[in-house]
Amino acid sequence: MPSVIEAQDLHFAYVRVPVLERISFAVNAGDYVGIIGPNGGGKTTLLKLLLGLEKGKGKIQLFGCPLSDFKDWHKIGYLAQKSPVSQSRFPVSAEEVVLMGLSNRHGSGVAVSELKQVHEAMQKTRTREYAGRIFHDLSIGQQQRVLLARALVSRPELLILDEPSTALDPESREMFFNLLGDLNAKQGVTILLITHDTGEVGKYISKFMYIDKTLVFYGTKEEFCHSAAVAEKLGAFAQHTIDHLHNHGHCPLGCSCGEGHK
C-alpha cells in the first residue's frame, strides 16, 4: 500500500526542552492508527508537526510530497482538540460551520457543488436535521459531529483527530467511533487518531502507536499485546485491559491474542 505519511527522525523542543525525539514511522493508505501515551508525551505536538502547525527537525512527506511543498490540503481533514469555532460565540449555523471546511472556496457566494459537499458530509455525520440551527445551541456531542462534518466536507483521504471524544457522553462516543469505523472500513479513509478511549476504538483500529517523547511502539493490535516495550511502560495487566473494559473474556483491544481480563 502507498504511504500517506512518512516521518523520519522527527525532533521537537520547546525552549530547549525536548518534547519529541527520534520519531520515525509510515502510515499507509487505509490504515486506522490509534495514538496513545501519557499526558505530556508529545502526541498533539506530533500531529501539529505532521500538519505543519509546528516546526521541528526531521523529514515529513504527505502523499509522497515533502511537507514544505505540499499543496493538496483538501486531501486532509483535521479535527483539533479545541476548535476555534467551539470557543467563539459568533452566531453561525451548523451548515455554515461545515462550509468553512472547504479550504478552496473563493468569494462570498456558495456554489451548488459546495452545497452538495456540505449536505453529503452532514448526511454522513447525521447532522442534516439541525443544519439551520445555531452551532452554539447544539449539545457538545452534536457540535463534535458538526466539526467532524467540517473535517470531511472536502472529501479527504486522510483524517487526523486529536482526542475527539473527550467531552462526549457514552452514547455520543459510541456513535462517533462507529461513524469513524465506517469511514475507514467502507470508504477507505485513512485515520490518525489520538484517543484515551482505547477500549471503544480498539475494535476498529488496525494499528496502535504509543508515544512518550519517543516512539515506544508502532504496530498491529496483536503486536501491541505482545510488545515487551509496551509491557514495560504500562505493565502486562494494563497492556491487555486498557481502560479496564471487558470484551467477553477476550482482549478488549479486539485482537486475537487470547488474553482475557483476569
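The values are calculated or read from the model by the stated rules, or taken from the named source; none is laboratory data. None of the values given here were measured: they were computed from a predicted structure. Positions of Cβ are backbone-derived with ideal geometry, glycine not excepted, and every protein chain shown enters the neighbour counts. For accessibility, only protein heavy atoms count, side chains too; no ligands or nucleic acids. Shrake-Rupley method; radii C 1.70, N 1.55, O 1.52, S 1.80 Å.
Some notes on this structure:
- Residue list for the stretch 111-129, restricted to those being open to solvent by 10 Å² or more (accessible area, probe 1.4 Å), in a helix (DSSP H, G or I) and over 15 Å from L180 (Cβ atoms): V112, S113, E114, L115, K116, Q117, H119, E120, Q123, R128, E129
- Taken over the stretch 12-48, the criterion of being under 22 Å from P156 (Cα atoms) and of a type in the set (A, V, I, L, M) is satisfied by A26, V27, A29, V33, I35, L46, L47.
- Selection of the stretch 180-205 for residues being within 13 Å of the chain's Cα centre (by Cα) and open to solvent by 20 Å² or more (accessible area, probe 1.4 Å) yields N184, H196, D197, Y204.
- Residue in the stretch 158-172 that is buried (at least 18 other Cβ atoms within 10 Å of the Cβ), at pLDDT 85 or above and of a type in the set (D, E) present: yes
- Filter pass, K203 being charged (D, E, K, R), at pLDDT 85 or above and within 30 Å of S154 (Cβ to Cβ): no
- Take the conditions (1) out of contact with any Phe, Trp or Tyr (no Cβ under 8 Å at 6 or more places or on another chain); (2) open to solvent by less than 10 Å² (accessible area, probe 1.4 Å); (3) among the aliphatic types (A, V, I, L, M); (4) closer than 21 Å to D72 by Cβ; V33 misses just one of them, which is (1).
- Figure legend. Inter-residue proximity from the stretch 141-164: first residues under 18 Å from I211 (Cβ atoms) and in contact (Cβ under 8 Å) with a residue 24 or more places away in the chain, second residues assigned to a helix (DSSP H, G or I) and among the polar types (S, T, N, Q), beta-carbon distance below 9 Å, spacing 6+ or different chains. Indicated pairs: D162/T44; E163/T44; P164/Q144.
- Each residue in the stretch 8-31 was checked for being free of Cβ contacts under 8 Å to residues at least 60 places away in the same chain and in a loop (DSSP other than H, G, I, E, B), and 2 pass.
- Per-region count, the stretch 206-232, residues at pLDDT 90 or above, among the hydrophobic types (A, V, I, L, M, F, W, C) and touching a helix residue (DSSP H, G or I) at 6+ places or on another chain (Cβ under 8 Å): 4
- Condition check for R155: over 17 Å from the mean Cα position of the chain (by Cα), charged (D, E, K, R) and assigned to a loop (DSSP other than H, G, I, E, B): no
- The condition (being over 30 Å from L168 (Cα atoms), open to solvent by less than 30 Å² (accessible area, probe 1.4 Å) and among the aromatic types (F, W, Y)) is satisfied by just one residue among F63, F12: F12.
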